[in-house]
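The values are calculated or read from the model by the stated rules, or taken from the named source; none is laboratory data. Please read all numbers here as calculations on a predicted model, not as lab measurements. Cβ atoms come from the backbone with ideal geometry, glycine included; neighbour counts cover every protein chain shown. We work out accessible area using only protein heavy atoms, side chains counted, and drop any ligands, DNA or RNA first. Shrake-Rupley method; radii C 1.70, N 1.55, O 1.52, S 1.80 Å.
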Amino acid sequence: MQKVTAFLEQHVQWLAIGLGALFCLYMTYSYVITPPAEVTIGSDTFGPSEIDPHTADTVAQKLQAEMQKSSKIKMDVPQYVQAFQNVMTWKNAPPVTIVRLTDPAYTMDVVAPTAPQQPLPPGQQPLPDPNVVAQGDKIKALPVPPVPKYADVKYGRSVVVPQPAPGQAAAVPAPGVVPPGAVDKDWVTQMWTISMADLDAAFRNAGMQKAPPDLRKTMFLQVEMVREEMVDGQWVNPIVVPHNTPMRTGQPMMAYPGDEAKPELRQPQFQYAMWAATATPDIIQPIFHVTVPNKGDQWTKPGAQVGLQQIFNPALYKGDVNLLPKDQREAVMQWRRDQQRLINEQKKLNRPAPRAPSAPSGGRGGPDVGDGMNYAPGPRSSNSHNAPPVGALPHFALPPRVPQRGFNPNVPPDMMEMDGGEGAFGGYGGAPQAPGLPQPGTDYPTGEFDPSDSQPQPWKNKEVEIWAHDDQVAAGKTYRYKMRYKLKNPIFGTNAGDPATLGEQFALISEFSPWTTPITVPSLVNFFVAGGGLGGRNTVEFEIYRWDQGQQKVERFSVSPGDVVGWAKNGVDFSTDWTVVDFREDARANDRQILLVNNKDGKVVARSFQADAKDKLYEALKKQVKDAKAAENTAAAAGGATVGGTAAAR
């Protein structure tokens, strides 16, 4: 140890120099050869002198550019109020899942699990389970509903009370009293029948009786009635008649979701099926509006027509005559021949011919309207008393406005008595009549039902009646209708079909029925020659009947050539589309022919006092007005005796 110490003491200066050299070498390696002041950004390495330029060239420039932008910064702020309202109103809430009715993902295996069976005696075969369908017995085709058969029609003109708000009961109007807001409305109710026996056969032909009981049930989903209008002899404007009448529940009818097999429609279709299961009466036999008793026709089930009914008028028919029965077709052809003969005779009269000069007709300040046909309507004048000169008019048979025998294509022959009474023409004001509606569950199945069920049902093998209302018809127009109905697909939402797409179809849709016989809605205004036009007078008296607020109203008008027939009087619009053209004497008939032109289509017709006096419709309208007046007098007398003459105040 002393030797080591002596050595160190002897060479200590060299040891210090060596340690200093090592330290210098280490510092040179650490700070010169491998400098630690480097930064790696991405794939680049920067020293201390390179950091600031790089920062200025990249980050600082980007920051400066963003700070100098003028665009607004969009800040998404949560809408707490709207979110709260959405939750409170169940918006975007997930649908409630109810097995077999509303779950779109629900499927039913047609191979049902078999329950444990007790051992059978030797040689005895097990009975087949009626609720089990073998995999090979899946439904290969869906039933085809039978085509509806046309049954009957009801049409009329009523005073309809406005519908109440949803959930409120309709007010019952007093007989003969028109409440505020009530309106005159023409309507048509068409009825068809469906054979339940034919529907049963359709289900059996498709093999539905082999499916489990839950997969054999169907229900009525919708009745679709289509209407076409006759315009210039052509059927145009086809529309699906909307449902406008009230519901028995007081709630609006649920909107039909559609028939397409789309995923987004699956849930609405299930929900509609739930609603339809409770709304069969409103779907196939909807009720009518509330109407004012003793003010127009009261709706009853289609059948024997007892309401608004008119005899067939060949002058109003503009369609294909081949669609009419033989008698009506002949009446239309005869009327057209007579009108053509009238036009030909007028053309002859308008030809220039020598004649004796005539005195000018006074009071009108214009040319003599007796020489020809003046189509320009002039102002009504009460001072036109000078008769126009009478030219020679070849005799021709006056075209009848209606045939001697009246026909209605929609009424049984025993209902068409041409006696001019209300039974034949509809009094517009008959007393309320009991509808006599069929009973649900007895005359037709309510909700889900199995057409192929062998169990006895009250509606089994019946002809189920289906009808629909059209309360948007217009007076004077002619319409025809056809209908189809939709049933729920019994295997909708299941995997019981082969192919599987059969279970995606929502409805079984029938074919459309054939078109009905055309229906012409009677005119609101009827006019008849009531007097005048004789003894040198150049005016004629017309009686005009106008249906208004549930009753026929009548006024007399004095009209001269050039005047429009009818105008507003006593708050009622009695105007027509006809203008008096000229008067012509018919020497053989000792009657004056009044020539009129229609302001819309230019059609020219002839009317006379003698012919109109025998008109069946004229007689019926006069009787209606007379009976209504007598009923008012009787009611007023009874009311006055009861309350001491305050009937008018009531």
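Residue count for region 194-223 satisfying the condition of being surrounded by 18 or more Cβ atoms within 10 Å (Cβ to Cβ) and within 20 Å of Glu465 (Cβ to Cβ): 11. Note on region 590-612: among residues that are under 41 Å from the mean Cα position of the chain (by Cα) and among the small types (Gly, Ala, Ser), the one that is most open to solvent (accessible area, probe 1.4 Å) is Gly602.
Of all residues in region 150-170, those satisfying the criterion of being hydrophobic (A, V, I, L, M, F, W, C) and either open to solvent by less than 70 Å² (accessible area, probe 1.4 Å) or within 25 Å of Arg227 (Cα to Cα) (or both) are Ala151, Val153, Val159, Val160, Val161, Ala165, Ala170.
Tell me the residue from Pro293, Pro252, Pro286, Pro242 that is open to solvent by less than 30 Å² (accessible area, probe 1.4 Å) and within 18 Å of the chain's Cα centre (by Cα), please.
Just a single option satisfies the conditions, and that option is Pro286.
Taking every residue in region 166-188 that is on the phi > 0 side of the Ramachandran plot and pairing it with any residue that is modelled with pLDDT under 75 and not polar (S, T, N, Q), at least 6 positions away or on another chain, the pairs with Cβ-Cβ distances below 8 Å are Gly176/Ala635. The residues of region 614-638 that are open to solvent by less than 90 Å² (accessible area, probe 1.4 Å) and not in a helix (DSSP H, G or I) amount to a single one, Asp615.
How many residues does region 555-575 contain that are open to solvent by 50 Å² or more (accessible area, probe 1.4 Å) and either under 24 Å from Lys185 (Cβ atoms) or of a type in the set (Lys, Arg) (or both)?
Here the count works out to 6.
The residues of region 439-491 that are within 19 Å of Thr280 (Cβ to Cβ), acidic (Asp, Glu) and outside any loop (DSSP other than H, G, I, E, B), listed by number, are Glu463, Glu465.
Of all residues in region 538-587, those satisfying the criterion of being touching a Pro at 6+ places or on another chain (Cβ under 8 Å) and charged (D, E, K, R) are Asp563, Asp582. Kindly list, by first and then second residue, each pair from a residue in region 241-268 that is in contact (Cβ under 8 Å) with a residue 60 or more places away in the chain and of a type in the set (Val, Ile, Thr) to a residue that is part of a loop (DSSP other than H, G, I, E, B) and open to solvent by less than 60 Å² (accessible area, probe 1.4 Å), limited to pairs with Cβ atoms under 9 Å and residues at least 6 apart or on different chains. So the pair list comes out as Val241/Asp471; Thr245/Pro286; Thr245/Ile287; Thr245/Phe288; Thr245/His289; Thr245/Asp471. Taken over region 576-590, the criterion of being free of Cβ contacts under 8 Å to residues at least 24 places away in the same chain and out of contact with any Lys or Arg (no Cβ under 8 Å at 6 or more places or on another chain) is satisfied by Asn590 alone. Any residue at all in region 221-236 that is within 30 Å of Lys138 (Cα to Cα), in contact with a Leu (Cβ under 8 Å, 6 or more places away or on another chain) and of a type in the set (Val, Ile, Thr)? No; the residues of region 221-236 include none that is within 30 Å of Lys138 (Cα to Cα), in contact with a Leu (Cβ under 8 Å, 6 or more places away or on another chain) and of a type in the set (Val, Ile, Thr). Somewhere in region 578-588, is a residue farther than 24 Å from Asn344 by Cβ and among the hydrophobic types (A, V, I, L, M, F, W, C)? Checking region 578-588: not a single residue is farther than 24 Å from Asn344 by Cβ and among the hydrophobic types (A, V, I, L, M, F, W, C). Of the residues that make up region 576-589, is at least one touching a Gly at 6+ places or on another chain (Cβ under 8 Å), open to solvent by less than 10 Å² (accessible area, probe 1.4 Å) and within 30 Å of Lys295 (Cα to Cα)? No, because not a single residue in region 576-589 is touching a Gly at 6+ places or on another chain (Cβ under 8 Å), open to solvent by less than 10 Å² (accessible area, probe 1.4 Å) and within 30 Å of Lys295 (Cα to Cα). The requirement of being touching a helix residue (DSSP H, G or I) at 6+ places or on another chain (Cβ under 8 Å) and of a type in the set (D, E, K, R) is satisfied by Asp137.
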